[in-house]
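The block underneath contains the structure these notes are about, expressed in structure tokens.
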Amino acid sequence: MRELIYVSTAKLRQLVPDLPKRPRGLRDVEAEVTTPVGGVKVGKAARPAEPGLAAAVAGLEASPRAPKWFAEPGLRPGQWVHFEAPMAYGEIGGSVVFLDVDEAVDGYPTGGRLRLLLHGSRDHLVGALPGAERDMDPGHHSLWVRFVQILMELDEPDRAEAAEHPRFLARMVDSLDALADRLQPRFTAAWAAGYARITAVVPVDECTILAATPLYVEHVAPPD
């Protein structure tokens with residue numbers, strides 16, 4: 001049984017333009033991706049919560065834009081990645097943000113050196129947020145809401161506002177600790193996997209922040 005957390009219907013319709021609106025018309029496709037720490041499998045038994053997901057994954061894997069492993073060097077904005085990481089998540093003013101642990105742990109040797117930060121619309125959550133993570137404290141709202149807006153603009157190259165992004169990315173780096181303090185991924189992170197499209201790659205003194213907007217995120221078992 002799959003335990004989906006997030007599925008972007010907007011991205012599904014970009015990847016599968018003829019996606020039917022009714023679940024009974026779903027394509028019957030199965031795809032499996034092998035990652036350095038295990039396999040991620042999208043099965044045939046599509047449910048209403050994941051219409052067309054298998055077809056979207058299979059299409060991506062067969063395309064010239066096939067996802068790369070998120071920890072590979074040289075990744076650029078606009079590329080697709082698949083990931084598997086211990087992550088915590090919470091809401092920021094109508095958006096949802098996933099953040100990985102900031103230290104190396106079993107099965108996750110890049111922790112701390114590479115920070116994985118996923119952002120998307122709360123409307124694409126499949127289930128409810130964890131009770132303690134329904135929203136950020138008001139004092140953190142304005143900065144992080146603007147941060148999410150800038151990342152969304154980076155995902156739309158024709159937006160003039162994207163030209164301002166270095167200033168806001170600098171503010172993001174300065175405030176990453178605030179998000180970690182709220183989500184406490186060291187204590188609340190659970191293993192998750194999925195596909196995402198990179199919106200920013202931000203090098204800082206001791207690590208690189210990889211920001212991306214997900215196609216889907218699901219709970220998975222820790223790697224062997």
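Rounded to 0.05, the FRET efficiency of the residue 110 and residue 13 pair, given R0 = 30 Å and the Cβ-Cβ distance, is 0.40. Modelled this way, with points 7 Å down the Cα-to-C-beta line, the labels at residue 121 and residue 68 are 2.9 nm from one another.
Every read-out reported here was derived from the displayed coordinates using simple, explicitly stated rules and does not represent laboratory data. Here the structure is a predicted model, which means the values were calculated and not measured. Note that each Cβ is placed from the backbone with ideal geometry, even for glycine, and that neighbours are counted across all protein chains shown.
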